[in-house]
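K.L.:
Would you mind keeping the following structure in view while I ask a few things?
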Amino acid sequence: MSLDVKSVAGLWARGREFAQRHRLQLILAVRVTVAALSALVVAQAMHLRLPLWAVLTSLIVTQMSVGRSVKVANDYLVGTLAGVAWGGTLAILIPHSSEWALLAVLALAVAPLAFIAAFRANLNVLPVTAIIVLLVPDMQHVSPVVSALDRVLEVLVGGAVGFIVSILVWPSRAHALTTQAAADTLDLMAGALAELLEHQTHGLEGLDLRHIQGGIGAALARLNATGAEAEHERTARLTSGPDTGPLLRTLLRLRHDMVILGRAAGCELPEGIAERLTPALQKISASASTFLHESGAALRESNKPPPLESVESDFNAYIEEFGAVRREGLTRQMPSETAERFFALGFALEQLREHLGEIHRVVDEWARD
């Protein structure tokens, strides 16, 4: 019996851990299921001819965040209306009682809409809708006008159900997802900064630049996607969160700083210069990385940003020593490639200092909002 209890307890613990780790995915699965069932019930209650399209539309509209649902619902409705208009017009104006006539009308219906969809992926429903409007009348023995109206009604029902479910069933706000993604990106940049500064005054051994820059690039791509969804929520007045633009732009500038630091890495300075600059770089690495980590935590908790004074002090100390090395003419003894990396490092750190100040201001604004 004790073994059975332990087994059940172990399964329960693993189940809870799995649910916590994949919380958003599980919520989306529940939301999609509720949307599909609800759309079918509503479509049957309204006696729609093809409840299938109402159910499929509800699945398409129900997304991970409310902001994405707004965007998808708008695109799907626009594509449906345009496809209905084009396909319905051809079905009404061009007789297609024979097989060859039907093939010709189908080609006319699909080709231009497929061409448009090739440029606008969000309108890929265009040719699908035109095909449905054109072919369904013969299958169900209804007129093209009735088929077109049915299609619009089915999409409206499915879209409305999907959107309402996205709002009511454990809604995930894109603004909250953007905040989390930005905080994760700051944590990633903090680790990358420490690693890049560690390799500034000696060789590149052990430094995987492609992995570092690729990870930051992927994180920013995810952040830009959720940020766009958050702006859809703001436009639709579904959230009162702050504008995501300044935060996204500042993180992109930090990414550029990381790129320049990566290009400057491996600057094997003469021993005397390295002994003077390395301690200052180590202090910047520690304080700036800590600042980025704490800024990410402040974003998650909507708290005030960490103080910037110690970071400013460490940058000032490095800039002063950097200037002293230049004034003493020690850079003239460097090989051209080393000197180029040396000055690139100085420029990158100046930019980094400015952008850390921007992060401080943006996090402070988010805490006030």
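The values are calculated or read from the model by the stated rules, or taken from the named source; none is laboratory data. Note that the coordinates shown come from a computational prediction; the quantities given were computed from them, not determined experimentally. Because the Cβ atoms are built from the backbone with ideal geometry, glycine has one as well, and the counts that use them run over all protein chains shown. Quick note on the areas: whole protein, heavy atoms, side chains included, nothing else; ligands and nucleic acids left out. Shrake-Rupley method; radii C 1.70, N 1.55, O 1.52, S 1.80 Å.
K.L.:
Looking at this structure, is Leu50 modelled with pLDDT under 85 and under 22 Å from Ala225 (Cα atoms)?
P.N.:
No; evaluated as a whole, the condition is false for this residue.
K.L.:
In this structure, does Met1 turn out to be modelled with pLDDT of 80 or more and more than 28 Å from Ala174 (Cβ to Cβ)?
P.N.:
Against the criterion (modelled with pLDDT of 80 or more and more than 28 Å from Ala174 (Cβ to Cβ)), Met1 does not qualify.
K.L.:
Say whether the condition of being open to solvent by 20 Å² or more (accessible area, probe 1.4 Å) and either farther than 15 Å from Ala274 by Cα or of a type in the set (Gly, Ala, Ser) (or both) is met by at least one residue in region 318-326.
P.N.:
No, region 318-326 has no match at all.
K.L.:
Among the residues of region 335-355, is there at least one that is outside any helix (DSSP H, G or I), open to solvent by 20 Å² or more (accessible area, probe 1.4 Å) and not acidic (Asp, Glu)?
P.N.:
Scanning region 335-355 turns up at least one residue that is outside any helix (DSSP H, G or I), open to solvent by 20 Å² or more (accessible area, probe 1.4 Å) and not acidic (Asp, Glu).
K.L.:
Restricting to region 249-265, count the residues that are open to solvent by 20 Å² or more (accessible area, probe 1.4 Å) and either at pLDDT below 85 or of a type in the set (A, V, I, L, M, F, W, C) (or both).
P.N.:
4
K.L.:
Restricting to region 160-191, what's the tally of residues that are surrounded by 24 or more Cβ atoms within 10 Å (Cβ to Cβ) and over 17 Å from the mean Cα position of the chain (by Cα)?
P.N.:
Number satisfying all stated conditions: 4.
K.L.:
Also, quick follow-up: Answer with yes or no whether Val30 is part of a helix (DSSP H, G or I) and surrounded by 14 or more Cβ atoms within 10 Å (Cβ to Cβ). Lay out the reasoning, then the answer.
P.N.:
Details: part of a helix (DSSP H, G or I): yes; surrounded by 14 or more Cβ atoms within 10 Å (Cβ to Cβ): no.
No, not satisfied.
K.L.:
Criterion first (without any contact (Cβ under 8 Å) to a residue 60 or more places away in the chain and of a type in the set (Val, Ile, Thr)) does Val155 satisfy it? Even if it seems obvious, please write down each step before you answer.
P.N.:
Numbers: without any contact (Cβ under 8 Å) to a residue 60 or more places away in the chain: no; of a type in the set (Val, Ile, Thr): yes.
It is false that Val155 is without any contact (Cβ under 8 Å) to a residue 60 or more places away in the chain and of a type in the set (Val, Ile, Thr).
K.L.:
Taking the criterion of being of a type in the set (A, V, I, L, M), assigned to a helix (DSSP H, G or I) and free of Cβ contacts under 8 Å to residues at least 24 places away in the same chain, would at least one residue in region 131-146 satisfy it?
P.N.:
Applying the first criterion (of a type in the set (A, V, I, L, M)) to region 131-146 yields 131-136, 139, 142, 145-146.
Filter once more, keeping what is assigned to a helix (DSSP H, G or I): 131-136, 139, 145-146.
With free of Cβ contacts under 8 Å to residues at least 24 places away in the same chain added as a condition, the list becomes 139, 146.
Yes - at least one qualifying residue is present in region 131-146.
K.L.:
Out of all the residues in region 262-277, is one or more within 23 Å of Asp208 (Cβ to Cβ), of a type outside the set (Gly, Ala, Ser), in contact with a helix residue (DSSP H, G or I) (Cβ under 9 Å, 6 or more places away or on another chain) and in a helix (DSSP H, G or I)?
P.N.:
Yes, the conditions are met somewhere in region 262-277.
K.L.:
Check whether at least one residue in region 3-21 is surrounded by fewer than 22 Cβ atoms within 10 Å (Cβ to Cβ), at positive phi and not charged (D, E, K, R), and report yes or no.
P.N.:
no
K.L.:
Given the conditions (1) assigned to a helix (DSSP H, G or I); (2) more than 22 Å from Ile260 (Cα to Cα); (3) over 26 Å from the mean Cα position of the chain (by Cα); (4) not charged (D, E, K, R), and given that Pro307 satisfies all but one, which numbered condition is not satisfied?
P.N.:
(1)
K.L.:
On the given criteria, is Leu77 closer than 17 Å to Leu56 by Cβ and open to solvent by 30 Å² or more (accessible area, probe 1.4 Å)?
P.N.:
yes
K.L.:
In addition: Could you please give the count of residues in region 35-62 that are surrounded by fewer than 19 Cβ atoms within 10 Å (Cβ to Cβ) and of a type in the set (Val, Ile, Thr)?
P.N.:
Selection size over region 35-62: 2.
K.L.:
Can you pull out the residues in region 128-138 that are aliphatic (A, V, I, L, M), within 19 Å of Ala104 (Cβ to Cβ) and open to solvent by 10 Å² or more (accessible area, probe 1.4 Å)?
P.N.:
If the condition is that a residue be aliphatic (A, V, I, L, M), within 19 Å of Ala104 (Cβ to Cβ) and open to solvent by 10 Å² or more (accessible area, probe 1.4 Å), then Ile131, Ile132, Leu135, Val136 are the ones that fit.
K.L.:
Could you please find all residues in region 329-369 being out of contact with any Pro (no Cβ under 9 Å at 6 or more places or on another chain), farther than 22 Å from Leu196 by Cβ and modelled with pLDDT of 80 or more?
P.N.:
None - no residue of region 329-369 is out of contact with any Pro (no Cβ under 9 Å at 6 or more places or on another chain), farther than 22 Å from Leu196 by Cβ and modelled with pLDDT of 80 or more, so the list stays empty.
Let's see how each residue does on (1) open to solvent by 20 Å² or more (accessible area, probe 1.4 Å); (2) under 24 Å from Thr226 (Cα atoms):
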position	(1), (2)
Val66	no, yes
Ala82	yes, no
His96	yes, no
Pro112	yes, no
Asn122	yes, yes
Leu126	no, no
Ala148	no, no
Val157	no, no
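K.L.:
Can you name the residue in region 266-281 that is crowded, with 17+ Cβ neighbours inside 10 Å and over 20 Å from Gly329 (Cα atoms) and, of all such residues, is modelled with the highest pLDDT?
P.N.:
Leu281
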